[in-house]
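This report concerns only the one structure given below.
No lab work stands behind these numbers, since they all come straight from the coordinates. Worth saying up front: this structure is predicted, and the values here are computed from it rather than measured. Heads up, the Cβs are rebuilt from the backbone with ideal geometry, glycines too, and the neighbour counts pull from every protein chain shown.
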Amino acid sequence: MEYEYIYPDVEKLKKNPLKADHIMQLAEEVGLKPIVARVDNYSGQVFFYFDKHLENEDKEKLDKLVDKLFKELK
């Protein structure tokens, strides 16, 4: 199952790119186990891939993680 998030300020990402390995580590720290995370810093896209659909609680954890990550970039 794929979850996609979009960071709107791609110019900022070009100067300070996100790193997939860092995002994977953050996800694991909150108890999520994605198969892989992928980042496209030129389009602002962040993808998380899981082996199954996330339950509501885990989806909320993922949403909060990404919100926090994006706020730190501002």
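Between the helical axis of 20-29 and the dominant principal axis of the chain, each derived from Cα atoms, what acute angle in degrees is found, rounded to the nearest 10?
It is inclined by approximately 40 degrees.
For the chain, state the average projected area of the convex hull of the C-alpha atoms over all orientations, rounded to one decimal in nm².
Projected over every direction and averaged, the Cα hull of the chain covers 4.3 nm².
Given P17, A37, I6, which one lies farthest toward the positive end of the charge dipole of the chain, if we put +1 on the Cβ of every Lys and Arg and -1 on the Cβ of every Asp and Glu?
The Cα lying farthest towards the positive end belongs to P17.
Using unit Cβ charges (K, R positive; D, E negative) and no other charged atoms, how large, in debye to the nearest 20, is the dipole of the chain about its Cα centre?
In debye, rounded to 20, the chain gives about 340.
Relative to the first principal axis of the alpha-carbon coordinates of the chain, what is the inclination of helix 56-73, with its axis defined by its Cα atoms, in degrees from 0 to 90 and to the nearest 10?
Helix 56-73 and the main axis of the chain meet at about 20 degrees.
Give the long-range amide H neighbours of Q45: residues separated by 5 or more places, or on another chain, with amide H under 5 Å away, using H modelled in the peptide plane at 1.01 Å from N.
Amide H neighbours of Q45, under 5 Å, 5+ apart: Y7, D40.
Under a cut-off of 20 Å between alpha-carbon atoms, report the aspartates and glutamates in cross-link reach of K19, not counting same-chain residues fewer than 8 places apart.
Partners found: E2, E4, D9, E11, E28, E29, D40, D63, D67, E72.
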